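What follows is a set of notes on a single structure, which appears directly below.
The values are calculated or read from the model by the stated rules, or taken from the named source; none is laboratory data. Bear in mind that the values here come from a model prediction, so they are computed numbers and not experimental data. As a convention, Cβ positions derive from the backbone with ideal geometry for all residues, glycine included, and neighbour counts pool all protein chains shown. Heavy atoms of the whole protein, side chains included, go into the accessibility calculation; ligands, DNA and RNA do not. Shrake-Rupley method; radii C 1.70, N 1.55, O 1.52, S 1.80 Å.
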Amino acid sequence: MTIFSKIIAGEIPCYKIAENEDFFAFLDINPLAQGHTLVVPKMEVDYLLDLDDKTLADMMLFAKKVGVAIKKAIPCKRIGLTVIGLEVPHAHIHLIPINSEADMNFHKPKLQLSADEMSKIAELIRSKF
Ligand code: 5GP
């Protein structure tokens, strides 16, 4: 079971943003920006491009809804979407509020946010659906 499957199952806590039958979204624990969110399929597949066409298409539509809500909650120019997947072997899309290309740089130091700040960000995004 991957760490993301454990999060989906509620065995590991997370700051949940949204969920439907097939997908789950929650705040990245080491965010590049406030509102940095991960969208994952409940189906445990390592590599995003190994997902079947329908799951991948549906995942993008789910990510769109989540990204639109993040954009309403967090002041930013755009929501950047990226896929890395080198750390956790469970397909996921990063949704990151950005104002410049440099905001997508994963080498940047991550934000140190308190549990209270993370909870408030998650609550604010949830309120924008
Ligand atoms: P990637 O696999 O795309 O290279 O990176 C995995 C991402 O998942 C990282 O941004 C990391 O901060 C995030 N991550 C790893 N473990 C956890 C976790 O247990 N909870 C949460 N919320 N995020 C995690």
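At most 14 other Cβ atoms within 10 Å and a DSSP loop assignment: could you name the chymotrypsin sites (Phe, Trp or Tyr not before Pro) in segment 21-60 that fit?
Passing both the DSSP loop test and the Cβ count: Tyr47.
Report the net charge of residues surrounding Tyr15, where surrounding means a beta-carbon distance below 13 angstrom and charges are Lys +1, Arg +1, Asp -1, Glu -1.
Residues close to Tyr15 contribute a combined charge of -2.
5 Å is the cut-off here: which amide hydrogens, built 1.01 Å from N in the peptide plane, fall below it relative to Phe23, excluding neighbours closer than 5 in sequence?
Lys42
Just the number please: accessible area per residue for segment 3-126, 1.4 Å probe, all protein chains included, in Å².
56 Å²
Taking the Cβ of Ile74 as the center, what net charge do the other residues with Cβ under 14 Å away carry, scoring Lys and Arg +1 and Asp and Glu -1?
Result for the local shell: +3.
Using only the alpha-carbon atoms, how far is helix 53-73 inclined from the longest principal axis of the chain? Give it as 0 to 90 degrees, nearest 10.
The helix 53-73 is inclined about 20 degrees to the chain.
Net charge near Ala25: determine it from the other residues with C-beta under 12 Å of the C-beta of Ala25, scoring Lys and Arg +1 and Asp and Glu -1.
My count for the surroundings of Ala25 gives +2.
Give the carbon-plus-sulfur fraction of the accessible surface of the chain in %, rounded to a whole number; probe 1.4 Å, heavy atoms of protein chains only.
Its accessible area is 55 percent carbon and sulfur atoms.
Please list, in order along segment 110-115, the HN-Hα scalar couplings obtained from phi with the Karplus expression 6.51 cos²θ - 1.76 cosθ + 1.60 (θ = phi - 60°), rounded to whole Hz, x for Gly and Pro.
Karplus-based 3J(HN,Hα) across segment 110-115 equals 7, 6, 9, 10, 6, 4 Hz.
With only alpha-carbon atoms counted, please give the Rg and Dmax of the chain, in Å.
13.6, 38
For the chain, with the dipole built from +1 on Lys and Arg beta-carbon atoms and -1 on Asp and Glu ones, taken about the Cα centre, which of Ser127, Pro109, Gly85 lies farthest toward the positive end?
After comparing all options, I get Ser127.
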